[in-house]
Amino acid sequence: AIKQSKAKTSPLHPTPTQPFRLNNHLSHRSNTVQFSAMFSNYFLIAARNLARQRGYALINTFGLAIGLAAGLLILMYVRDELMFDTHHPDAENTYRMGWRIQAPNGETNAFGGTPAGWDNYLKNTYPGISKIGSFTADGMPTTLHYPVKDKKILTEDIIWAEASLFDILAIQIRSGDPVSPLKEINTIMLSESAAKELFGDEDPVNKTLQVSHTWTTQGRKLDLMVSAVYRDFPTNTHINPKYIGNILALKAVTPGLDNMLNTSMGDGEQNYFASSLIVCRDAGQLTSIQADLQKKASELARRFDPNLKVTPIIRKITDVHFDQDIDWATDHKSANRKYISIFITIALLILLVACINYINLATAQSAGRAKEIGLRKTFGGMRHEVFFQFMAESFLMVLGAMLIALLLAMLFLAPFNAVTGKHFAIAQLFSGHMLLLTAGIVTSVTLLAGSYPALFVSGFQPVTVLKGKFAFRKGSNTLRQFLTTVQLCVAVTLLVG
């Protein structure tokens, strides 16, 4: 009895339940291997069938690829528009301030600037506002002179900013001071492209530039030290300067500037206007802030011209690009959200036409494979196996079409940029978001375009097919005619539009 008990508990002598568990494990592993082999077989047969039917495969793949390429380019444009200014650290809580002035005759002017002290007033009054920052920009060119090499550049892509703006905007420092590049008063930051243009291969950090402007510096040359070089801003932002100077450097030419930046409310003898950004984490305070600023704006209007109607504007930074009231930057024109909906619709219609074309060609081609399906079913093939076989073929064709579509998109990217005014790079086609979008399109098109042909083919009756009496049913002909009509209508509509 003791020997039997020891034998039962010994690891070398399994209990009665151990062989059962081992058999379950082996059975599960065997099923996994069979399942994997089955799918490998599906794709192997699909590849052989496509190789045999090269003409059909090429026509259908290239037709689908053209539609996919057009859809990819349009959706990349749409994504770029919708992602405007979303890259900033706290974009969902960042707002810009401006105001609209309406004359008695109805004429309206809107500006993306306000009295420079408004942001300080709001931060001191409302606890929900955690950060503020201001900057100014001039439309006329600014001269930057590098005396060592006597090189001069004229640019309008320069702003004069408070040091706090560095905490609001996404500025990626590549070299120089990464923490507080505008800490010192007489400092300036350069983008990578600006540094390359002005200094070539030379390291610009700690080099001195002479900066002058007709109005901003009153024609005087200011010596500014390059404190940092930052990565170029993305194209989908309305604030994208190549040079950022410390606004306090203008104290040399604007007496009392420091005080005006902090206290100017627009009602003093000396007023200073700036483009201000605020970070407000309590959206519930925006209504009170709007009413408070409206009261101050109305007081200013009554003081200077009672006939004017002044309305303050607070706009989320991610909505600035689509603002139809104000052009918030001199070099940026607002877009219309309606166009985004139109472009998305066009992309979907193009993909729909490509899918319908694929369905019709695949369904027509299936007639030539009727005997193959009949034989497979006669030898025990199940309908779901035939279905998955044809879905595997559809997946391979769609995947091949997507690879060709990516090549076409790369080929036509330059003229596409010329048409849209964008600056897309080939690398953007392979960004994380675009790869996810590409995978989604491949999956969706495979399911949408491959399901009907696979269902249609897998439903063949072996007896009818092997007797040579196969013919398209009335229902399938009606559906194909309907799809062809829809395809033609969409194509004509797009051409006319």
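Quick look at the numbers
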{"item": "Residue match in region 214-222 (condition: buried (at least 18 other Cβ atoms within 10 Å of the Cβ), in contact with a Ser or Thr (Cβ under 9 Å, 6 or more places away or on another chain) and in a strand (DSSP E or B))", "result": "yes"}
{"item": "Residue in region 391-398 that is modelled with pLDDT of 90 or more, farther than 26 Å from Lys333 by Cα and assigned to a helix (DSSP H, G or I) present", "result": "no"}
{"item": "Residues being surrounded by fewer than 16 Cβ atoms within 10 Å (Cβ to Cβ) and either at pLDDT below 70 or charged (D, E, K, R) (or both) - total across region 374-384", "result": "6"}
{"item": "Hey, Ala46 modelled with pLDDT under 90, surrounded by 18 or more Cβ atoms within 10 Å (Cβ to Cβ) and of a type outside the set (D, E, K, R) or not", "result": "yes"}
{"item": "Qualifying residue in region 262-277 (condition: assigned to a helix (DSSP H, G or I), within 27 Å of Ala163 (Cα to Cα), of a type outside the set (Val, Ile, Thr) and in contact with a Pro (Cβ under 9 Å, 6 or more places away or on another chain))", "result": "no"}
{"item": "Residue list for region 223-259, filter: surrounded by fewer than 20 Cβ atoms within 10 Å (Cβ to Cβ), more than 24 Å from Glu269 (Cα to Cα) and out of contact with any strand residue (DSSP E or B) (no Cβ under 8 Å at 6 or more places or on another chain)", "result": "Pro234, Thr235, Asn236, Asn240"}
{"item": "Subset of region 297-331 (residues that are in contact (Cβ under 8 Å) with a residue 40 or more places away in the chain, within 26 Å of Thr125 (Cα to Cα) and either open to solvent by 60 Å² or more (accessible area, probe 1.4 Å) or of a type in the set (D, E, K, R) (or both))", "result": "Lys309, Arg315, Lys316"}
{"item": "Selection from region 252-261 of residues that are under 16 Å from Leu222 (Cα atoms) and assigned to a loop (DSSP other than H, G, I, E, B)", "result": "Val253, Thr254, Pro255"}
{"item": "Given (1) open to solvent by 20 Å² or more (accessible area, probe 1.4 Å); (2) in contact with a strand residue (DSSP E or B) (Cβ under 9 Å, 6 or more places away or on another chain), index of the condition Ser193 fails", "result": "(2)"}
{"item": "Long-range neighbours under 6 Å by Cβ, at least six apart or interchain, first residue within 10 Å of Met397 (Cβ to Cβ) and among the hydroxyl-bearing types (Ser, Thr, Tyr) within region 53-65, second assigned to a helix (DSSP H, G or I) and open to solvent by 40 Å² or more (accessible area, probe 1.4 Å)", "result": "Tyr56/Gln365"}
{"item": "Evaluation of Gly98 against (1) of a type in the set (Gly, Ala, Ser); (2) surrounded by 17 or more Cβ atoms within 10 Å (Cβ to Cβ); (3) free of Cβ contacts under 8 Å to residues at least 40 places away in the same chain (one fails), failing number", "result": "(3)"}
{"item": "Pairs, first under 14 Å from Leu75 (Cβ atoms) in region 341-361, second part of a helix (DSSP H, G or I) and of a type in the set (Asp, Glu), C-beta under 7 Å, six or more apart", "result": "none"}
{"item": "Qualifying residue in region 113-131 (condition: surrounded by 17 or more Cβ atoms within 10 Å (Cβ to Cβ), closer than 19 Å to Met189 by Cβ and in contact with a Ser or Thr (Cβ under 6 Å, 6 or more places away or on another chain))", "result": "no"}
{"item": "Strands (runs of 3 or more DSSP E) wholly inside region 86-177 containing at least 2 residues that are β-branched (Val, Ile, Thr)", "result": "94-102, 129-136, 142-146, 151-155, 158-161"}
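Rundown of residues vs (1) open to solvent by less than 60 Å² (accessible area, probe 1.4 Å); (2) of a type in the set (A, V, I, L, M, F, W, C); (3) modelled with pLDDT of 85 or more, yes/no style:
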site: Met434; (1), (2), (3): yes, yes, yes
site: Thr438; (1), (2), (3): yes, no, yes
site: Val442; (1), (2), (3): yes, yes, yes
site: Ala449; (1), (2), (3): yes, yes, no
site: Lys469; (1), (2), (3): no, no, no
site: Lys474; (1), (2), (3): no, no, no
site: Asn477; (1), (2), (3): yes, no, no
site: Gln487; (1), (2), (3): yes, no, yes
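Conditions tested, residue by residue: (1) touching a helix residue (DSSP H, G or I) at 6+ places or on another chain (Cβ under 8 Å); (2) closer than 26 Å to Lys316 by Cα; (3) without any contact (Cβ under 8 Å) to a residue 24 or more places away in the chain.
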{"site": "Glu156", "(1), (2), (3)": "no, yes, no"}
{"site": "Ser164", "(1), (2), (3)": "no, yes, no"}
{"site": "Ala170", "(1), (2), (3)": "no, yes, no"}
{"site": "Ile173", "(1), (2), (3)": "no, yes, no"}
{"site": "Gly176", "(1), (2), (3)": "no, no, no"}
{"site": "Glu184", "(1), (2), (3)": "no, no, no"}
{"site": "Thr187", "(1), (2), (3)": "yes, no, no"}
{"site": "Ser191", "(1), (2), (3)": "no, yes, no"}
{"site": "Ala195", "(1), (2), (3)": "no, no, no"}
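The values are calculated or read from the model by the stated rules, or taken from the named source; none is laboratory data. Given the structure is predicted, the values throughout are model-derived calculations rather than measurements. No Cβ is skipped: glycine too gets one built from the backbone with ideal geometry, and neighbour counts run over all protein chains shown. Note: areas computed on protein heavy atoms with side chains; ligands, DNA, RNA excluded. Shrake-Rupley method; radii C 1.70, N 1.55, O 1.52, S 1.80 Å.
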